[in-house]
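Chemist: First, the structure itself, so that you have it in front of you.
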Amino acid sequence: MSKRYGDRRAVDDVSATIQAGAVTGFLGPNGAGKSTTMRMIMGFDRPDAGSALVEGRRYADLDAPLRTVGALLDAKAAHPGRSARNHLIALAATNRIPRRRVDEVIGMTGLESVADKRVGGYSLGMGQRLGIATAMLGDPGVLILDEPVNGLDPEGVRWVREFTRQLAREGRTVLLSSHLMSEMAQTADHVIVLGRGRVLADAPISEIVGSASGDHVRVRSPRVGALTAAIQSPDVTVTPVGDDTVEVRGVGAQVIGDAAASAGIPVHELTPVRASLEEAYLDLTKDAVEYRTEVAR
């Protein structure tokens, strides 16, 4: 799909397939086109070119949309004067969903204590829980969640992680956006990364992380200079990070340990360090950030 707003191309020929039975993370800097893409899937915005299909059909052509796909795109979508219960009852009635399902999703999302209070008085976290309850009301096979952990406390974040993982285990399709890389690393099976409206990566999370340049071995030795000389080769990069500590790239911990033992060099630390999803993400998007800030030093 492609979408332009004035002179700005918000989404530029984005193409992807979101698989069932997995949590697909949707990542990208602010302004990358994630929310616009999600809105086009749901029919709120119309693409200038291309189309989005849910189970092979446009959202507008689905016979029972709420039973097919549930979405959280705006945590404040409910009327502030209504209670969560009445909001869900109205949606259930207009979509021929049994009223008992309202109580089920209220319990599922931990809203029992505030279900009869006005939504306008909800915290951001409670609003997010209501948004997820709304998305789950039709027991859909497809879930689209835009920043569902925004405003949640650590318990709530953990709940969203376990909840979405359980949905995927049930065979549902889950598309989840977030700016919390550490949380996405624990939740997603597959990752799609957007930058300036284009797909920068579309691969399993292990492949995304494995392609990052952050893998290294942290080595600490009182004879770090001698150890550096023992492992030096054109493919090995050694970066000092302290008086007796270096980061080594291009060779594994076993080779370093064997070289130290052969040369009689004592080693006080030999720690393989894997690149993180955050490092992989920053590497992928370094040229696609529209709103850049400088870090004070």
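Every read-out reported here was derived from the displayed coordinates using simple, explicitly stated rules and does not represent laboratory data. Source: prediction; values computed, not measured. Quick reminder, even Gly has a Cβ in these numbers, built from the backbone with ideal geometry, and neighbours come from all protein chains shown.
Chemist: Note down the net charge around Val174, summing +1 for each Lys or Arg and -1 for each Asp or Glu among other residues with Cβ under 13 Å from its Cβ.
Modeler: Net charge in that neighbourhood comes out at 0.
Chemist: Hey, another quick one. Please report the spacing between the Cα centers of the stretch 244-294 and the stretch 54-113 in Å, no decimals.
Modeler: The stretch 244-294 and the stretch 54-113 have Cα centres separated by 47 Å.
Chemist: Moving to a separate point now. Quote the charge dipole size of the chain about the Cα centre in Debye, to the nearest 20; the model charges only the Cβ of Lys and Arg (+1) and of Asp and Glu (-1).
Modeler: Dipole about the Cα centre, nearest 20: 1140 debye.
Chemist: Still on this structure, please answer the following. What percent antiparallel are the DSSP beta bridges of the chain, to the nearest 5?
Modeler: Roughly 60 percent of the beta bridges in the chain run antiparallel, per DSSP.
Chemist: Over the chain, what is the mean sequence separation of C-alpha contacts under 8 Å (at least six apart), divided by residue count, expressed as relative contact order in percent?
Modeler: Once normalised by length, the contact order is 22 percent.
Chemist: Now for a separate question. With just the Cα atoms defining each centre, how far is the stretch 1-29 from the stretch 141-205? Give it in Å.
Modeler: Spelled out, the Cα-based centre of one part sits 14 Å from the other.
Chemist: Taking the 0 to 90 degree range and rounding to the nearest ten, how far is the long axis of helix 124-136 tilted relative to the main principal axis of the chain, both from C-alpha atoms?
Modeler: 70 degrees
Chemist: Could you name the lysines whose alpha carbon sits less than 17 Å from that of Lys76, not counting residues in the same chain fewer than 8 places away?
Modeler: Lys117
Chemist: Can you list the lysines whose alpha carbon is less than 21 Å from that of Lys3, not counting same-chain residues fewer than 8 positions off?
Modeler: Candidates past the 8-residue exclusion: Lys34.
Chemist: Using Cβ contacts closer than 10 Å as the measure, can you line up Phe26, Phe44, Phe163 from fewest to most?
Modeler: So the ranking, lowest neighbour count to highest, is Phe44, Phe163, Phe26.
Chemist: In the chain, with Lys and Arg counted as +1 and Asp and Glu as -1 at Cβ, which of these residues, Asn86, Pro47, Ile265, has the Cα nearest the positive end of the dipole, that is, farthest along it?
Modeler: Highest projection toward the positive end goes to Asn86.
Chemist: Against the longest alpha carbon principal axis of the chain, how many degrees, from 0 to 90 and to the nearest 10, is the axis of helix 84-94 turned?
Modeler: 60 degrees
Chemist: What is the angle, in °, between the Cα long axis of helix 154-169 and the longest principal axis of the Cα atoms in the chain? Nearest 10 is fine, range 0 to 90.
Modeler: For helix 154-169, the angle is close to 80 degrees.
Chemist: What number, rounded to the nearest 500 deg cm²/dmol, is the helix-based mean residue ellipticity at 222 nm of the chain, given -39500 (n - 2.57) per DSSP H run of at least four residues and division by all its residues?
Modeler: -10000 deg cm²/dmol
Chemist: So what is the relative contact order of the stretch 1-49, in percent, for Cα pairs below 8 Å that sit 6 or more residues apart?
Modeler: Across the stretch 1-49, relative contact order equals 42 percent.
Chemist: Now for a different question. Which ³J(HN,Hα) values, rounded to whole Hz and listed in residue order, are derived for the stretch 255-269 from phi using the Karplus coefficients 6.51, -1.76 and 1.60 in 6.51 cos²θ - 1.76 cosθ + 1.60 with θ = phi - 60°, glycine and proline given as x?
Modeler: In residue order, the calculated couplings are 5, 5, x, 5, 5, 5, 5, 5, 8, x, 9, x, 10, 9, 8 Hz.
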